[in-house]
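Notes for the one structure printed next.
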């Protein structure tokens, strides 16, 4: 039973369950489903969306806002933690020459979908209507891509490491796109200074100061006391301040915890994405991640339930634009840019990996799902265009079947 539950939580199948439940509910009883999604939890709240109530504009905290804008911040914080480790640590996977080929392939994996999406939209004459959705097919779902990649290549194939590097870099790019191109209102830069001040303050007071007070003391008394007495609370408080600052700044508040991640103490070692060894790590950042792992799975369940409830009648041009961007643009971009990096720039591929692996990796990375759903909800207002784009994100799960079939056609030898 434990292994089954671990499998479900590890690979976000709770998210799939929420999405399937939402699809069934929205198509069988759409009125009750949409009533739940927009259920007001707190009228005249300090946070939320401005809506008209009794003829007056008021901030309303709805169930949808609570999940998408507040609780999903925990999911993006966990994604940012993996990116931060990969970039900053000495043995981080996104450091050095070995990361150059997958990083360049990532650029192709983001540019290809955008090019396909916008080209098709322009050719159909609907660019003005759906142009804001260009970023939706740039996403890669790390958990599902990792699961499908292991099915196609096996756990020990070098393409798995390549895929994870690509997915992490893709998520980093996706976070940047959300912050820059999809503000939730007029951007107020002054509030961003509040977020940066919270991150700098907690790093100085709870991280740097105890170590400075310890000096050369091998017992590290101040650091030990701070860790025992304060634990994660300074970072939780700083995170709340940073989230509110993003909300007031006009940036999407789900990204509000990102500035705090670098301030949290971390061991000088990167165990890797989904590494079991991290469960025994004693540094605060890894302990916080593992404490959040189970709650975040239920956040993803709720996210799927709140966002995947699309009626099949909503399928239209944006559905196929998103899907084409993912299943055509992403494999094409990854293959071309990966080939260019490996052959023209002579950076090479990981030992044991060959060029015919690249299009298969591209098809695996075309599973956008979680982040694609999130971007669709941000890119378009509620309505038929958003629903159609979300359906494209849901259909991207079908890329798993294409990847498995391509792996057999390319005669990929599973390793491990």
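Observations on the model:
- Criterion (in the same structural domain as residue 378 (by TED's automatic domain parsing), crowded, with 24+ Cβ neighbours inside 10 Å, closer than 30 Å to residue 387 by Cβ and touching a residue at least 60 places away in the same chain (Cβ under 8 Å)) met by exactly one of 175, 115, 166: 166
- On inspection, residue 159 passes the criterion of being under 18 Å from residue 412 (Cβ atoms) and in contact with a helix residue (DSSP H, G or I) (Cβ under 6 Å, 6 or more places away or on another chain).
- Checklist (1) over 30 Å from residue 289 (Cα atoms); (2) not in a helix (DSSP H, G or I) applied to residue 32, failing item: (2)
- Scan of segment 37-69 for residues that are in a helix (DSSP H, G or I) and out of contact with any helix residue (DSSP H, G or I) (no Cβ under 7 Å at 6 or more places or on another chain), ordered by number: 65, 66
- Applying the criterion of being more than 23 Å from residue 410 (Cα to Cα) and in contact with a helix residue (DSSP H, G or I) (Cβ under 7 Å, 6 or more places away or on another chain) to the residues of segment 321-346, the residue that is surrounded by the fewest Cβ atoms within 10 Å (Cβ to Cβ) is 321.
- Flag if residue 357 is touching a helix residue (DSSP H, G or I) at 6+ places or on another chain (Cβ under 8 Å) and under 25 Å from residue 304 (Cα atoms): no
- Among residues of segment 24-36, those that are in contact with a helix residue (DSSP H, G or I) (Cβ under 8 Å, 6 or more places away or on another chain) and surrounded by 14 or more Cβ atoms within 10 Å (Cβ to Cβ), counted: 6
- Some residue of segment 229-237 being over 20 Å from residue 288 (Cα atoms), exposed (fewer than 15 other Cβ atoms within 10 Å of the Cβ) and modelled with pLDDT of 90 or more: no
- Of the residues making up segment 182-189, none is at pLDDT 90 or above, in a helix (DSSP H, G or I) and on the phi < 0 side of the Ramachandran plot.
- The residue that is nearest to the chain's Cα centre (by Cα), counting only those in segment 388-404 that are more than 19 Å from residue 355 (Cβ to Cβ) and surrounded by fewer than 22 Cβ atoms within 10 Å (Cβ to Cβ), is 397.
- The residue that is nearest to residue 15 (Cα to Cα), counting only those in segment 104-155 that are outside any helix (DSSP H, G or I) and within 17 Å of the chain's Cα centre (by Cα), is 141.
The values are calculated or read from the model by the stated rules, or taken from the named source; none is laboratory data. This structure is a prediction, so every number in the text was calculated from the model and none was measured. Glycine gets a Cβ as well: all are built from the backbone with ideal geometry, and neighbour counts include every protein chain shown.
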